[in-house]
Amino acid sequence: MTEEFFQKMAQSVLDGDSDAAVALAKQAIEAGLDPLEAITKGFVTGVNQVGESFACGQAFLPELVMAGEAMKAAVSTLEPEMQKRGLQRTMLGKVVLATVEGDIHEIGKSLVGTMLSASGFQVYDLGVDVPAARIIAKVQEVGADLVGLSALLTTTMVKQKEVIDELDKLGLRKKVKVMVGGAPVTRDWVQKIEADGTSEDAIGAVGLAKQLVGAV
Ligand code: B1M
C-alpha cells in the first residue's frame, strides 16, 4: 500500500468525512491491508492532527466531533476484519473494560477491546462515562481477571484511582489486575495509583494483558 493511500485515510478524518473514511476502510480490507496498520498509519494520523489543531485553537469542537465520528466509522468498518485475523480458540481471561466516569472518548478504548477479544480474552466492554460502582459490579458478576480503564482527559484520570481504591476496599485488589491507558497516562501515574501497568497502544495492551494473566 502506498503512502498516498494512508494520506487519503488521514485526510478523510481531517475532513470529518465519515463516508470517505468508510469507503477507504473497505478498500483497505479488499486490498488485504492489515486493518491495524490502516488505523495507525492512516486514520490515527488524521485524528491526531485535528487534536493538535484543537489544542492550539486552530480547530474547534465541531471539527473535533466530526473527526471523531469519521475515525469511529473507519474503525467500526475494520473491526470485523481485526476479529477475523486474530481468531483464537483458547480463553486467556476475562476483562472488564471501560472509559472512566466523566470521559466520553471511546475510540482508543474500543480498539483495545477489539484487539484483546481478537487475542483470546473475553471482553466485557461497558462503554464510556462509566462510574466506578458499575465497573466493580461487573467485575464481581463475571469474576473478572483484569480491569482495563481508559481516560483521555487529565481531569478524569483520577477516576482510575477511584476504581483501584474501591477494589481494594472490597478485598478484590489482589485477585483482579488493573491496567490503565489513554494519552495522559504516564508510568509515574501508574506507580502513583498502584495500577499493574499501562501501554501506549492497543498492541501493547494485548502484550500487557497476557503478561498480567500469566499467559506469556
Ligand atoms: Co477530545 N480531547 N475532548 N474529543 N479528543 C483530546 C483527548 C485532547 C488531548 C485534544 C487536545 O486538546 N489536544 C483534549 C484533552 C486535554 C487533556 O485533558 N489533556 C480533549 C478535550 C479537551 C476534549 C473536550 C473537553 C473538548 C470540549 O468539550 N471542550 C471534550 C471532553 C468530553 C468528555 O469526555 N467529557 C472532548 C470531546 C471529544 C469528542 C467527543 C469530540 C471526540 C471523541 C469521539 C469519540 O471517542 N467517540 C474527541 C476526540 C476525537 C479527541 C482526539 C482528537 C482524538 C482521540 C482519539 O480518538 N484518538 C484527542 C486528541 C488526541 O488524542 N490526539 C482529544 C485515537 C485513538 C486510537 O487513540 O484514544 O489515544 P487513543 O487510544 C490509544 C492509546 O491511548 C491507548 O491505546 C489506544 C489505541 O492505540 N489506550 C489504551 C487508550 N485506552 C487504553 C486503555 C488501555 C491501554 C491502552 O488499557 C486499559
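The values are calculated or read from the model by the stated rules, or taken from the named source; none is laboratory data. The shown structure was predicted, so the numbers you read here are calculated from the model rather than taken from an experiment. So basically every Cβ, Gly included, is an ideal-geometry build from the backbone, and we count neighbours across all protein chains shown. Surface accessibility is based on the protein's heavy atoms, side chains included, excluding ligands, DNA and RNA. Shrake-Rupley method; radii C 1.70, N 1.55, O 1.52, S 1.80 Å.
Condition check ((1) assigned to a helix (DSSP H, G or I); (2) open to solvent by 60 Å² or more (accessible area, probe 1.4 Å)) across all residues:
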| site | (1), (2) |
| --- | --- |
| 36 | yes, no |
| 47 | yes, no |
| 51 | yes, no |
| 59 | no, no |
| 66 | yes, yes |
| 69 | yes, yes |
| 72 | yes, yes |
| 75 | yes, no |
| 84 | yes, yes |
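The single condition from (1) under 30 Å from residue 173 (Cβ atoms); (2) open to solvent by 30 Å² or more (accessible area, probe 1.4 Å); (3) of a type in the set (Lys, Arg) that residue 109 fails is (2).
Would you pick out the residues in the range 29-60 that are of a type in the set (A, V, I, L, M) and under 12 Å from residue 75 (Cβ atoms)? If you could, list the steps in order and put the result at the bottom.
If we filter the range 29-60 for residues that are of a type in the set (A, V, I, L, M), which is where we start, we get 29, 31, 33, 36, 38-39, 44, 47, 50, 55, 59.
Answer for the range 29-60, where residues must be of a type in the set (A, V, I, L, M) and under 12 Å from residue 75 (Cβ atoms): 36, 38, 39, 44, 47.
Helices (runs of 4 or more DSSP H) fully within the range 97-216 that include at least 1 residues being more than 14 Å from the chain's Cα centre (by Cα): 132-142, 158-169, 187-193, 202-212.
Does residue 158 qualify as being open to solvent by 20 Å² or more (accessible area, probe 1.4 Å), more than 9 Å from the ligand (Cβ to nearest atom), hydrophobic (A, V, I, L, M, F, W, C) and in contact with a Lys or Arg (Cβ under 7 Å, 6 or more places away or on another chain)? Spelling it out, it is not the case that residue 158 is open to solvent by 20 Å² or more (accessible area, probe 1.4 Å), more than 9 Å from the ligand (Cβ to nearest atom), hydrophobic (A, V, I, L, M, F, W, C) and in contact with a Lys or Arg (Cβ under 7 Å, 6 or more places away or on another chain).
When residue 128 is tested against (1) farther than 22 Å from residue 16 by Cβ; (2) in the same structural domain as residue 142 (by TED's automatic domain parsing), only condition (1) is not met.
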